[in-house]
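Participant: I'd like to ask you about the structure that follows.
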Amino acid sequence: MHTALEREHLGGTLAPFSGVPGAAVLNPSDLALVKLGQDLKKRGYQFTTITPASHDRVNARPAKPQTSLADIFGWSHIFAAAHISAQDLARLATAGALEFIGAAYRSSVRFSTLGDQLFAHSAFPTEQSDAVFFGPDTYRFIRFIQQSWGTMKHAPSRRLRVLDVGTGTGILAIAAAKLVPEARVEACDTDEAAVAIARENAEANGVAEKINFRVGSVDDSTPSADLVCANLTADVISQMLQTLVSLSCGKLILSGILETQIELVQSGLHACGIDDFEVAQDGEWVALII
Ligand SMILES: C[S@@+](CC[C@H](N)C(=O)[O-])C[C@H]1O[C@@H](n2cnc3c(N)ncnc32)[C@H](O)[C@@H]1O
C-alpha cells in the first residue's frame, strides 16, 4: 500500500493503472460500433434518453409510417431490413448488437446524445443484469459537473486529475477529457461490459487516448485526484465512502442518491469526520459535494 504522498506522486505517472487507453484495445466488433456511432453523429443523429416509464408511454403510441434512425437506435424499436442501410446493418451484426426477431431485427445497443457527444449503452428495456446504464440521472449528473468546473482548484504546476468511479458509458470521463484536454482522466467500473462500451464511446467521441479506463474499483492504493466523481447507488457509496473521501484531494461529488437516502450517506460522511458538504437537488435526484 502507498502513502498519500506516494499516491500523489504516482498519480502523475499512470503507474498503478494497468488499463490501456481505449484506441489500443478495440477489436473488430468494438470498431464496428465506433464506426456506427461516428457515422450516426455525421448524419446529425440526436436522441435524449428519458425515464423507463416515459419510454414505455412513447412506445405505446401507434407506430409511425416511417422508421427513423431514432426509432432504431434510440427507441429500440423492431425494424425491417428496408429501414436501415446495408452498412449500418452489417456494423450492428459485426458489433454483435443485432437481434433477430423473426424476419425483423432489433438493435441491442442504444445511442444517446449529449450536445455533440454520442454514447452507446444498452437497449430499452434495460432488464439484463449486465445492462450498461445511461439515464436521465446521467444528464443531471453531467450538467451538475459541467457547472462545477469553474470552481475546480488544483496546483497550477501539474495537470488536473479526474477520477470517475463507476463510469458506466464513460460519460463523465469523456466530458472531462473534452472540457479540460490537458486533464489526466482515470475511470473504472466493476462491469467489464461497461468498460468496453466506455472505451468505444471515448473512441467515437475522439478522446480515447486521453482516458485511462479499467475494469475494477478503487481502494487505498488508487492515486488520488482533484475531482473524484461517483454516480453509483447510495448503498454502494456508503460501503466505499471512506475510500472515496481519502482519494479526493480536491472535490468529491457523490450522486445516484435518492432524496430518501440522503441521511444514510450523510451519516456515513459524519462518521468519516466530514460535517461540511453541499447538497444539490433536482426533484428526487441528489448529489453531495465534499
Ligand atoms: C448508476 S451507474 C452510473 C454510470 C455512469 N456514471 C453514469 O452516470 O451514467 C453505476 C455504475 O457503477 C458501477 N459500479 C457499481 N459498483 C461499483 C464499484 N464498487 N466500483 C466501481 N464501479 C461500480 C456499475 O457497474 C455501473 O456501471
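Taken together, the values in this text are just the output of simple stated rules run on the coordinates, not laboratory data. Not measured: the values here are computed from a predicted model. As a convention, Cβ positions derive from the backbone with ideal geometry for all residues, glycine included, and neighbour counts pool all protein chains shown.
Participant: Under 8 Å for C-alpha pairs, at least 6 residues apart: give me the relative contact order for segment 28-122, rounded to a whole percent.
Facilitator: 35
Participant: Please sort 173-180, 277-284 by packing, taking for each peptide the average over its residues of neighbouring beta carbons within 10 angstrom, highest first.
Facilitator: 173-180, 277-284
Participant: Using a cut-off of 12 Å between alpha-carbon atoms, which aspartates and glutamates can reach K210, once sequence neighbours fewer than 8 places away in the same chain are excluded?
Facilitator: In chain and number order, the partners are E182, E186.
Participant: Still on this structure, I have one more. Give, to the nearest whole percent, the P(r) tail of segment 77-163 beyond 21 angstrom, counting all Cα pairs.
Facilitator: When all Cα pairs of segment 77-163 are counted, 51 percent exceed 21 Å.
Participant: Which order do the peptides 184-195, 87-98, 200-211 come out in when sorted by mean C-beta neighbours inside 10 angstrom, highest first?
Facilitator: Ranking the peptides 184-195, 87-98, 200-211 by packing returns 200-211, 184-195, 87-98.
Participant: Something else now. Can you sort D219, D226 so the residue with the fewest Cβ neighbours within 10 Å comes first?
Facilitator: D219, D226
Participant: Now for a different question. Assign one of three labels to segment 220-290, namely rounded, prolate or oblate, based on the Cα gyration tensor with a ≥ b ≥ c the square roots of its eigenvalues; rounded applies when a/c is under 1.5, prolate when it is not and a/b is larger than b/c, and oblate otherwise.
Facilitator: Cα axes put segment 220-290 in the prolate bin.
Participant: Further question on the same structure: What is the Cα convex hull volume of segment 28-122 when expressed per residue in Å³?
Facilitator: About 100 Å³ per residue, rounded to a whole number.
Participant: So which residue, out of S122, S68, S112, gets the largest mean-square fluctuation from a GNM of the chain using Cα contacts under 10 Å as springs?
Facilitator: S68
Participant: Order these peptides, 267-275, 255-263, by their mean beta-carbon neighbour count within 10 angstrom, highest first.
Facilitator: Highest to lowest by the protection proxy: 255-263, 267-275.
Participant: Once every DSSP H run of n ≥ 4 in the chain is given -39500 (n - 2.57) and the sum is divided by its residues, what mean residue ellipticity at 222 nm do you get, rounded to the nearest 500 deg cm²/dmol?
Facilitator: -10000 deg cm²/dmol
Participant: Give the Rg/Rh ratio for the chain, taking Rg as the radius of gyration of the Cα atoms and Rh as the Kirkwood radius, to two decimals.
Facilitator: 0.99
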